[in-house]
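Participant: Before we start, here is the structure in question, set down as structure tokens.
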Amino acid sequence: MKSMFFRNFAKGVVVSAALALANCGDAADKVNSAIADAQDQYQDQLNNPANPNNPADSSQVTDPSQTVIDPVTGEVINPNTEPTVDPVTGEVVDPSTNPDQLGANPEVDPGVEPADTSATNPVASSSSEGEVGPSLQSSSSEAAVEESSSSEVPAVPKIFLANDKEEEKNYMEVEYKTNTGWDGEGILAYPKRLTDNPDQKHAIVVWGPGGGTKPSAYEGMIRRLASHGFVVIALKESPGDATQAIKALDWLDGLNKDSGSPLYNKLDMNTVGCSGHSMGGLESEQALIKDRRVLTAFLNNSGDWGGAGAMKVATDRTIAILYGEGGMERGNAENDYNNANVKAPACLIQMTGGKGNECYEVAPGRRECGYGHGSGSWDGMAATVAWMRWHLGGEDFRKADFVGTSGKYIDGNIAGHDGKWKGQCKNF
């Protein structure tokens, strides 16, 4: 029976990927057992969701009744009336001036070089701030119009990322530290070449392993994310209630403030993504709900058991759920996404067309077909990387890969593997 289970289970993506990490038959048996434990825990453990912490955002409102004084004439300006500007001289003119005189050649002093009028700045639109022209400061505390030209200079990206952008590949060399983290049993990975620009930081990805599975089983995913510029902390375990993810973030915050740490002042503690496999996906979802430092979550082969997780994600956060066509998580993933109360931007991504479509038994009474319960974390890891580069790294061009009617993760091929992505999104 044991040999039959191993033979059937080997047809699935989970074991094929796990065996790549094993060095001998005994190690392979341990990995198989760990993944089976993860499946048991994901299936049987009850989720304990909590209400999201979604404080209201404050905003400032400008008083439209504020009196505005023309800095040239000293007269009160009606904020709803645009000043008249001579198109040749660029100067504000008396409203009583005959419009036919505007644009006429002014008298030129032969000893004075005429002003260059080859480039004409547009007149500022009327507003309560009373901006009256490109050469005049407004009467408010706002900067002069000329300073706005600085926005034309390319700014340094807020988040450090590898210049190379293909999510199917590894790029930068990675510092990979085991037996670390707040509990001494996690994994910390980050680029060996950290940013040296004080205006640029590294985003953080918290990775949660499946139930009963060691974080080392996901070395490929951890290294891939770190090679793209992220600082990755992989948890020892994933209880599915965000407790471990939050403690890991607090630990990283300590390193960010420790002048003796290589990560000193390198991290953006408010640009955090959480991801994980199976129970790790539930840990990620709950961290997104409970911790405002977390901006996004990407669940691999996971989903709230009662379909009541994504509905609690705040509307200024994002979530994606990836599942296999034959994975045991399929019902949970679809129910979680399809809940009518989900208001946050969300995507549901399926991996289809995997080998072994004849179906096979992964455990007594449990059968999977094609891409199964472990597909996302191994064959589908590129989707997690692309999502994090989009939502943490600010690469907005990647939206077209996920949102719409055509795109890489909507109907594209799974690079390097059989099958295709089948994705859908809402609330974007």
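The values are calculated or read from the model by the stated rules, or taken from the named source; none is laboratory data. Given the structure is predicted, the values throughout are model-derived calculations rather than measurements. All Cβ positions, glycine included, derive from the backbone under ideal geometry; neighbour counts span all protein chains shown. Heavy atoms of the whole protein, side chains included, go into the accessibility calculation; ligands, DNA and RNA do not. Shrake-Rupley method; radii C 1.70, N 1.55, O 1.52, S 1.80 Å.
Participant: Kindly write out, for region 405-421 in residue order, the coupling ³J(HN,Hα) from the Karplus curve 6.51 cos²θ - 1.76 cosθ + 1.60 (θ = phi - 60°), rounded to whole Hz, with x marking Gly and Pro.
Facilitator: Going residue by residue, I get 9, 8, x, 3, 9, 9, 8, x, 6, 7, 4, x, 9, 6, x, 9, 7 Hz, with x marking Gly and Pro.
Participant: Can you give me the distance in nm between label points at Lys399 and Ala155, each placed 7 Å from the Cα along the Cα-to-Cβ direction?
Facilitator: Each label point is offset 7 Å from its Cα along the Cβ direction, giving 1.7 nm.
Participant: List the residues whose amide H sits under 5 Å from the amide H of Gly404, counting only those 5 or more places along or on another chain, with H placed 1.01 Å from N in the peptide plane.
Facilitator: Under 5 Å from the amide H of Gly404 lie the amide H atoms of Cys425, each far enough along the sequence or on another chain.
Participant: Can you work out ³J(HN,Hα) from phi for every residue in region 374-381, in order, using Karplus 6.51 cos²θ - 1.76 cosθ + 1.60 and θ = phi - 60°, giving whole Hz and x for Gly and Pro?
Facilitator: Along region 374-381, the couplings run x, 5, x, 6, 10, 4, x, 4 Hz.
Participant: Then there's this: How many percent of the accessible area of region 264-332 is carbon or sulfur, using a 1.4 Å probe?
Facilitator: Values: 640 of 1420 Å².
With neighbouring chains kept in place, the figure for region 264-332 is 45 percent.
Participant: Cross-link list Lys247/Lys408; Lys177/Lys266; Lys399/Lys422; Lys266/Lys312; Lys214/Lys420; Lys192/Lys236: which exceed 26 angstrom alpha carbon to alpha carbon?
Facilitator: Numbers: Lys247/Lys408 35 Å; Lys177/Lys266 17 Å; Lys399/Lys422 15 Å; Lys266/Lys312 31 Å; Lys214/Lys420 29 Å; Lys192/Lys236 23 Å.
The pairs that break the limit, which is 26 Å between Cα atoms, are Lys247/Lys408; Lys266/Lys312; Lys214/Lys420.
Participant: If you count only protein heavy atoms with a 1.4 Å probe, what accessible area per residue comes out for region 283-428, rounded to a whole Å²? Walk me through the numbers on the way to the answer.
Facilitator: Values: 4800 Å² over 146 residues.
About 33 Å² of surface per residue is accessible.
Participant: Just the number, please: carbon plus sulfur as a percent of the accessible area of region 155-250, 1.4 Å probe, no ligands or DNA/RNA counted.
Facilitator: Numbers: 1730 of 3900 Å².
The computed percentage sits at 44.
Participant: Express in nm, to one decimal, how much length is gained between Ala415 and Asp250 on full extension, taking 0.36 nm for each residue of separation and deducting their alpha carbon distance. Before the final figure, lay out each step's value.
Facilitator: On the way: separation 165, 0.36 × 165 = 59.40 nm, distance 3.60 nm.
Net length gain for the segment: 55.8 nm.
Participant: Gly186's amide H: which non-local residues (gap 5+, or another chain) put their own amide H closer than 5 Å, with H modeled 1.01 Å from N in plane and none for Pro or chain starts?
Facilitator: Those lying under 5 Å, H to H, from Gly186 are Asn179, Thr180, Gly181.
Participant: Counting just the Cα atoms, what span does region 204-339 cover along each of its three principal axes? Round to the nearest Å and put the largest first.
Facilitator: 47, 32, 24
Participant: So what are the ³J(HN,Hα) numbers for region 190-202, from phi and the Karplus equation (6.51, -1.76, 1.60; θ = phi - 60°), rounded to whole Hz, Gly and Pro as x?
Facilitator: Each residue of region 190-202 in turn: 7, x, 5, 9, 7, 4, 10, 8, x, 8, 10, 10, 9 Hz.
Participant: Full-extension gain between Ser406 and Asn197, please, as 0.36 nm times their residue separation minus the C-alpha to C-alpha distance.
Facilitator: Values: separation 209, 0.36 × 209 = 75.24 nm, distance 3.72 nm.
Value of the extension gain: 71.5 nm.
Participant: Also, quick follow-up: Would you mind checking which residues have amide H under 5 Å from Leu299's amide H? H placed 1.01 Å from N; only 5 or more apart, or other chain.
Facilitator: Residues meeting the amide H criterion: Ala320, Ile321, Leu322.
Participant: Further, regarding this structure: With a Förster radius of 22 Å, plug the Cβ-Cβ distance of Asn265 and Asn179 into 1/(1 + (r/R0)^6) and report the FRET value to the nearest 0.05. Write down the numbers at each step before the final one.
Facilitator: Working: r = 25 Å, r/R0 = 1.13.
Efficiency at R0 = 22 Å is approximately 0.30.
Participant: Keeping all protein chains in the complex and leaving out DNA, RNA and ligands, what accessible area do you get for Arg330 with a 1.4 Å probe, in Å² to the nearest 10?
Facilitator: 90
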